[in-house]
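Colleague: Below is one structure. I have some questions about it.
The values are calculated or read from the model by the stated rules, or taken from the named source; none is laboratory data. Since the model is a prediction, treat every value here as computed from it, not as a measurement. Counting neighbours? That spans all protein chains shown, and the Cβs are built from the backbone with ideal geometry, glycine included. Remember, those area values only see protein heavy atoms, side chains included, never the ligands or the DNA or RNA. Shrake-Rupley method; radii C 1.70, N 1.55, O 1.52, S 1.80 Å.
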Amino acid sequence: SDGECIHHGIHIIGSLMESCSNCNTLVDRGCIDIVTKITVSPSIEIKRACGYIFSLLVENKEYHTNLNNAGALQEIVNLAALVDLECQLYGAFSLVYLASNHEFQVPLVQMGAVRPLVAMMSTESEPRHYAG
């Protein structure tokens, strides 16, 4: 099915991105746009895989602008606000790196990044959904 192909494809991209030399090639070929579009999938497994890829990309500040231009910042905020713990962790990890870039601090706040982070910190070791 299409969903299975997307699921396997996104896992392959994630595996390839674990190597820095592959990251540049994949980014140059439009991978960020593709991953950002796929993140809206209803499949939690696909969302997790996309979150993993975002968490790899944000570690390199040179990709922050690419992520912003692709609309990935909002998708990362959305991941942090999900009920799923793995998505929350990938979202929070990515937000930490993106927030270290002064250029994105105000936009991230405007996108709603603070609420899911505060919700995660205020819970007692159990993820809760922020319904904002």
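Colleague: Can you give the accessible area per residue of the chain, in Å², using a 1.4 Å probe?
Modeller: On a per-residue basis, the chain sits at 56 Å².
Colleague: Now, a different point. Roughly what would the spin-label model give for His8 and Leu85, points 7 Å off Cα along C-beta, in nm?
Modeller: 3.0
Colleague: Let me ask something else about it. By what distance, in whole Å, do the Cα atoms of the stretch 26-132 stretch along each of the three principal axes, largest value first?
Modeller: Answer, in whole Å and largest first: 41, 31, 20 Å.
Colleague: Taking R0 as 22 Å, what's the FRET efficiency between Arg29 and Val96 from their Cβ-Cβ distance, rounded to 0.05?
Modeller: 0.25
Colleague: Using Cα pairs closer than 8 Å and at least 6 residues apart in sequence, work out the relative contact order for the chain, in percent. If you can, show how the numbers build up before the last one.
Modeller: Values: 134 pairs, mean separation 26.9, N = 132.
Once divided by the residue count of the chain, the mean separation gives 20 percent.
Colleague: Find the Rg to Rh ratio for the stretch 1-74, where Rh is the Kirkwood radius over alpha-carbon pairs and Rg uses the same atoms. Intermediate results must be reported in sequence, preceding the final value.
Modeller: Numbers: Rg = 11.4 Å, Rh = 12.2 Å.
Expressed as Rg/Rh, it is 0.94.
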